[in-house]
Amino acid sequence: MQDRTSEWFVPKIGPRNFRIGVGILFLPYTSIVTCFAIWGSLGGTFVLDRIIAIGVIYFLAVGVSAHCLDAVGGKTKPWGNLPRKKILSVALSSLAIVFAIGIYYAFLDSPLLIPIGIVEGFFLFAYNLELFGGKFHNNISTIISWGILPVLAGSVIQTNSISVETMLLSIISASITYVLITTSRKYKHLKREEIDSERIKNKERILKLITLCVIVATVSFFIVQI
């Protein structure tokens, strides 16, 4: 499927380049991963600037860098043939900001961010550029990178530790990620084949519901914690 501008998360109005630019960010999925990182930060003692920092890190790492790399480096080219150099420059620039923020807090008082950052960086390139023959372009990699590590990073940036509460939150986020990606893959298959419009709508509703529930849960969690 080369033209994904009909996807539910892509604006229906505006110039085509604008719509593709927003679409590449996969804002619902990016929001979910960012929320997971915030969950980790809210799981114990926290300060607001570090919640903002971990949110920015994951929004830029997943929403911008990872999805831009996938747009030009993946085998399927989901958004068609895009200007490779321009997209890569956006991806690498965003990644530079991510690592700058991460390194600052790592050397300040959260050194456990370093191993998490290394593993996340590996998955970012290995998954989205389909390195090593695409061996890491799978559900397990997504669950680890999107569902588990963000929660751990959110906790580490606050306390440089991983508590039992954090592990429980990561189990929940991993489960949600599994449902999200399996539903998304079925949705993309149905959309690509353009068969059974009712099943397509049903999968779309599930994806919207997951996104809404995670965002509402995050806002509620934040309100309760403060």
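Which is over 14 Å from the mean Cα position of the chain (by Cα), farther than 23 Å from residue 187 by Cβ and either at pLDDT below 95 or in a loop (DSSP other than H, G, I, E, B) (or both), of 14, 40?
Working: 40 fails: either at pLDDT below 95 or in a loop (DSSP other than H, G, I, E, B) (or both).
Going through 14, 40 in turn, the sole match is 14.
How do the pairs read when you match residues in region 63-92 that are within 18 Å of residue 16 (Cβ to Cβ) with residues anywhere that are at pLDDT 85 or above and part of a loop (DSSP other than H, G, I, E, B), using Cβ under 7 Å and keeping only pairs 6 or more apart or on different chains?
Short answer, once both residue conditions are applied: 67/25; 67/26.
Show the residue pairs meeting these rules: Cβ distance below 6 Å; 6+ apart or different chains; first residue within region 119-135 and aromatic (Phe, Trp, Tyr); second residue crowded, with 18+ Cβ neighbours inside 10 Å and modelled with pLDDT under 90.
Partner pairs satisfying both residue conditions: 127/137.
Need a quick list: helices (runs of 4 or more DSSP H) entirely within region 95-191 having at least 1 residues that are closer than 19 Å to residue 24 by Cα and in contact with a helix residue (DSSP H, G or I) (Cβ under 8 Å, 6 or more places away or on another chain).
Numbers: elements: 113-128, 139-142, 149-159.
Qualifying helices (runs of 4 or more DSSP H): 113-128, 139-142.
Regarding residue 160, is this residue closer than 30 Å to residue 92 by Cα and of a type outside the set (Phe, Trp, Tyr)?
Details: closer than 30 Å to residue 92 by Cα: yes; of a type outside the set (Phe, Trp, Tyr): yes.
So residue 160 passes the test.
Any idea how many residues of region 52-77 are in a helix (DSSP H, G or I) and in contact with a Gly (Cβ under 8 Å, 6 or more places away or on another chain)?
Taking region 52-77 as the starting set, the residues that turn out to be in a helix (DSSP H, G or I) are 52-73.
Next, only the ones that are in contact with a Gly (Cβ under 8 Å, 6 or more places away or on another chain) stay: 54, 57.
Residues in region 52-77 being in a helix (DSSP H, G or I) and in contact with a Gly (Cβ under 8 Å, 6 or more places away or on another chain): 2 in total.
With surrounded by 14 or more Cβ atoms within 10 Å (Cβ to Cβ), under 21 Å from the mean Cα position of the chain (by Cα) and closer than 24 Å to residue 208 by Cα as the only criterion, which of 97, 172 stands out? Break it down stepwise before answering.
Values: 97 fails: closer than 24 Å to residue 208 by Cα.
Every option except 172 fails the conditions.
The values are calculated or read from the model by the stated rules, or taken from the named source; none is laboratory data. The model shown is predicted, which means the values in this text are computed figures rather than measured ones. With ideal geometry, Cβ positions are generated from the backbone for all residues, glycine too; neighbour counts draw on all protein chains shown.
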